[in-house]
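Heads up: the structure comes next, in structure tokens.
The values are calculated or read from the model by the stated rules, or taken from the named source; none is laboratory data. Small disclaimer: the values here were computed from a predicted structure and weren't measured. A quick note on method: Cβ atoms are made from the backbone with ideal geometry, for glycine too, and the neighbour counts reach across all protein chains shown. Heavy atoms of the whole protein, side chains included, go into the accessibility calculation; ligands, DNA and RNA do not. Shrake-Rupley method; radii C 1.70, N 1.55, O 1.52, S 1.80 Å.
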Amino acid sequence: MMFPVRCFSCGTVVSEVYEEYHERLSNGEKPDDILDDLQITKYCCRRMFASHRLQNNKDLFDDVMEYK
Ligand SMILES: [Zn+2]
């Protein structure tokens with residue numbers, strides 16, 4: 001599944017920072033530090049990144065969709 005453009009809960013655009021997030025994650029930075037730095041402060045938005053990390057388990061992300 002593609003990374004969603006907006007947060008399911010609050011509608012904040014999150015896709016524009018995903019590429020940088022993913023790149024920095026690959027460089028070994030901690031997800032919390034990256035999200036703080038990118039000013040993704042709301043938990044509903046941070047959830048979008050945290051759940052998308054589990055790319056090997058696509059079913060989990062689809063399950064989350066049911067609870068929006
Ligand atoms: Zn949000």
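In region 23-49, the residues that are in contact (Cβ under 8 Å) with a residue 40 or more places away in the chain form Cβ pairs under 7 Å with partners that are surrounded by 10 or more Cβ atoms within 10 Å (Cβ to Cβ), at six or more places apart or across chains, as follows: M48/P4; M48/C7; M48/V14. Note on region 20-63: residues that are modelled with pLDDT under 65 and more than 13 Å from F3 (Cβ to Cβ) amount to 6. Of everything in region 1-22, what is in contact (Cβ under 8 Å) with a residue 24 or more places away in the chain, within 16 Å of the ligand (Cβ to nearest atom) and open to solvent by 70 Å² or more (accessible area, probe 1.4 Å)? Give them in sequence order. Once the filter is applied, which keeps residues that are in contact (Cβ under 8 Å) with a residue 24 or more places away in the chain, within 16 Å of the ligand (Cβ to nearest atom) and open to solvent by 70 Å² or more (accessible area, probe 1.4 Å), region 1-22 yields only S9.
Identify, please: which residue in region 2-33 is of a type in the set (S, T, Y) and in a helix (DSSP H, G or I) and is, among those, farthest from M48 (Cα to Cα)? That would be S26. Among the residues making up region 34-48, those that are in a helix (DSSP H, G or I) and either open to solvent by less than 100 Å² (accessible area, probe 1.4 Å) or more than 12 Å from the ligand (Cβ to nearest atom) (or both) are I34, L35, D36, D37, C44, C45, R46, R47, M48.
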